[in-house]
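Q: Let me begin by handing over the structure; questions about it come next.
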Amino acid sequence: MISIDIEKSLNSHNNLSVLQITQEIPAGSITKIYGPSGAGKTTLLKVIAGLAKPEKGKIRVNDITWLDTENGISLSPQQRKVGFVFQHNALFPNMTVLQHLCYATNDETWIKQLLTIGKLEAFAHQKPEYLSGGQQQRLAILRAMATKPQLLLMDEPFSALDPEMKTELINDLQYLWKELATTVLVVSHNPQELKGIFQRAILIKSPVAGA
Amino acid sequence: MDLSPIILTLKLAAITTILLLVVGLPIAWWLSKSRSIIKLIIEAIITMPLVLPPSVLGFYLLLAFSPQHGIGKWLRDVFDVQLVFSFPGLILASVIYSLPFMIGPIKSALQQLPPSLAQASYTLGKSERQTFIHVLLPNIRASVLTAATLTFAHTLGEFGVVLMIGGNIPGVTRVASIAVYDAVENQDYSSANAYSLILFGITFITVISVFVFNKYKAKSPLE
């Protein structure tokens, strides 16, 4: 079970507003996060990953406290070790596809399996600048999965994929998530995306103004 | 023609550049991470040699390391080291004087990298040090080369600081820029011309090699 209760100020367009979220997410579930632009969806993922600090709040993941501002507990991103797919991929320009995965894990069998799932075997020695938008996005997903994270956070992860590739990749990923009991949180703007796949949906409304 | 000033200049520039790479990379990384009043003050101090007359910097270094008082006296009494009018003194002065040329371009390049690169590395469980070595540093290679070249070229042309702290001791502190000045003072224009031409040639080759290396990768060293 993942329990989230946070309060984080957002500074968008010079208006100070507050993101408030209280949620209980069952372990091993797939949750879609949606809402208007600027509502704080990406910020929520970053707070969970330990990449942004909220003013107040608690996050517990599988009975381990990741964050408790009252008691001064805040695990580092390295300790939380979530899988994170960034909105613009955040691939390392100096590394090839294979080097990205080797940087994340030493498990060669797992790396081969990931390359097959992402259909990137033929591009293993290419750097991101020589990959298409869809290939880059697949690599970002594979890299996030490489550490076999218990919690996977994905920010618009399928936006550059064609429908056929998306369906195939999501099917393969679903199988992996089930096998690894991964809890998945996906931010998506597309109402049709992940239809019939996610078990829960969280609407993040426009943040409360005037903190 | 006595080539020792040229050799001494190249030796000084090479040692200064290597030392500044070792010292400058971590300082630039630290300065690039976030802003605080302390960092702003330190950055201002590091930038001072860019605007301060070299003779002023040299004068204060001369006072600070004079064996008669302060740090200079302590260094002489405890370690038997004299920095004034010595080659190690020239190195120290050059390192301080060229600090902004090494740190500025590297810090700026680090700040231009998207924060998500380091964040992606952290979520993979990598420490800040691992992230710096494997992710950040390889992606600012062109800027590091530019910074090292600027530092090297700048050290080649040092005059005021070097003259103040090192004087003009042949084979010890008499670098090429001082040899040029000395030759002109003695109306030996052919030696002055020879030293100047060699300095010009070395500097030109150094700078053009960066332009060639960075042709497709980075901005010109002047941007």
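Q: Determine the per residue accessible area of the protein assembly as shown with all protein chains present and a 1.4 angstrom probe, expressed in square angstrom.
A: For the protein assembly as shown, the solvent-accessible area averages 49 Å² per residue.
Q: Using a 7 Å offset from the Cα along the Cα-to-Cβ direction at both A:N190 and A:S9, what is the distance between the two label points in nm, to one decimal?
A: Taking the simple label geometry, A:N190 and A:S9 are separated by 3.7 nm.
Q: Just want to confirm a number: the relative contact order over the stretch B:1-147, from Cα pairs under 8 angstrom separated by 6+ residues, in percent.
A: 28 percent
Q: What's the center-to-center distance, using Cα atoms, between the stretch A:106-180 and the stretch A:21-81 in Å?
A: That distance is 23 Å.
Q: Grab the beta carbon distance between B:L197 and B:I133, set R0 = 35 Å, and tell me the FRET efficiency rounded to 0.05.
A: 0.25
Q: Assuming R0 = 41 Å, what is the FRET efficiency of B:V56 and B:F211, from their Cβ-Cβ distance, to the nearest 0.05?
A: After rounding, the FRET efficiency stands at 0.80.
Q: Can you give the mean number of other chain Cβ atoms that lie within 10 Å of the Cβ atoms in peptide A:74-80?
A: Rounded to a whole number, the mean comes out at 4.
Q: Ignoring everything but the protein chains, give the 1.4 Å probe accessible area of B:Y60 in square angstrom, nearest 10.
A: Surface open to solvent at B:Y60 totals about 130 Å².
Q: Any idea how far apart A:S159 and A:E55 come out in nm if each label point goes 7 Å out from Cα toward Cβ?
A: Here the modelled spin labels are 2.8 nm apart.
Q: Would you mind telling me the share, in percent, of accessible area of the stretch A:70-211 contributed by carbon and sulfur at probe 1.4 angstrom?
A: That fraction is 50 percent.
Q: Can you send over the solvent-accessible area of A:L203, 1.4 Å probe, protein chains only, in Å² to the nearest 10?
A: Probe radius 1.4 Å; accessible area of A:L203 about 80 Å².
Q: Given 0.36 nm per residue, what is the gain on full extension from A:A122 to A:T65 after removing their alpha carbon distance, in nm?
A: 16.4 nm
Q: Within 10 Å of each Cβ in peptide A:91-97, how many partner chain Cβ atoms are there on average? Round it to a whole number, please.
A: Across A:91-97, the average partner-chain Cβ count within 10 Å equals 4.
Q: Over the Cα atoms of the stretch B:96-223, Rg to Rh with Kirkwood Rh, two decimal places?
A: 1.15
Q: A further question follows. Just the projected area, averaged over all directions, of the convex hull on the alpha carbon atoms of the protein assembly as shown: how many nm²?
A: 27.1 nm²
Q: Follow-up question, since we're still on this one. About the Cα centre of the stretch B:88-204, what is the dipole size in debye to 20, counting +1 per Lys and Arg Cβ and -1 per Asp and Glu Cβ, all else neutral?
A: Charge dipole, the stretch B:88-204, about its Cα centre: 600 debye, nearest 20.
Q: Related question: Helices from chain B with mean Kyte-Doolittle at least 0.0 and a Cα length along the axis of 27 Å or more, per DSSP H: which?
A: B:4-33, B:87-112, B:189-213
Q: With +1 on each Lys and Arg Cβ and -1 on each Asp and Glu Cβ, how big is the dipole of the stretch A:1-151 about its Cα centre, in debye rounded to the nearest 20?
A: 260 debye
Q: Kindly provide the helix-only [θ] at 222 nm of the protein assembly as shown, computed as the sum of -39,500 (n - 2.57) over DSSP H runs of four or more divided by all residues, to the nearest 500 deg cm²/dmol?
A: It comes out at -16500 deg cm²/dmol, rounded to the nearest 500.
Q: Here is the link list: A:K119/A:K178; A:K46/A:K148; A:K81/A:K112; A:K81/B:K39. Which ones come out longer than 26 Å on Cα distance?
A: A:K81/B:K39
Q: Cα-based Rg of the stretch A:143-211 per 2.2 N^0.38 Å, rounded to two decimals?
A: It is 1.26.
Q: Protein chains only, probe 1.4 Å: how do A:S76, A:S159 rank by accessible area, largest first?
A: A:S159, A:S76
Q: So for the protein assembly as shown, taking the charge dipole from beta-carbon charges (+1 Lys/Arg, -1 Asp/Glu), which of B:F101, A:S37, B:W30 sits furthest toward the positive end?
A: It is A:S37, whose Cα lies furthest towards the positive end.
Q: What figure, in Å² to the nearest 10, do you get for the accessible area of B:W30 with a 1.4 Å probe and non-protein molecules left out?
A: The accessible area comes out at roughly 100 Å².
Q: Using a 1.4 Å probe on the heavy atoms of the protein chains only, list every residue of the stretch A:120-160 that has 10 Å² or more less accessible area in the complete assembly than in its chain alone.
A: Listed by number, the residues meeting the 10 Å² cut-off are A:R143, A:T147.
Q: Same structure again: Where the Cα atoms of the stretch A:51-185 are projected onto their three principal axes, how long is each span, largest first, in whole Å?
A: Here the Cα extents, ordered largest to smallest, are 50, 31, 29 Å.
Q: Please say if chain B is rounded, prolate or oblate, where rounded means a/c under 1.5 for a ≥ b ≥ c the square roots of the C-alpha gyration tensor eigenvalues, and otherwise the choice is prolate for a/b larger than b/c and oblate otherwise?
A: It comes out oblate by the Cα gyration axes.
The values are calculated or read from the model by the stated rules, or taken from the named source; none is laboratory data. Since we're looking at a predicted model, the values are computed, not measured. Note that we place each Cβ from the backbone using ideal geometry, even for glycine, and neighbour counts take in every protein chain shown. Ligands, DNA and RNA are stripped out before the accessible areas are found, and what is left, the full protein with its side chains, is counted by its heavy atoms. Shrake-Rupley method; radii C 1.70, N 1.55, O 1.52, S 1.80 Å.
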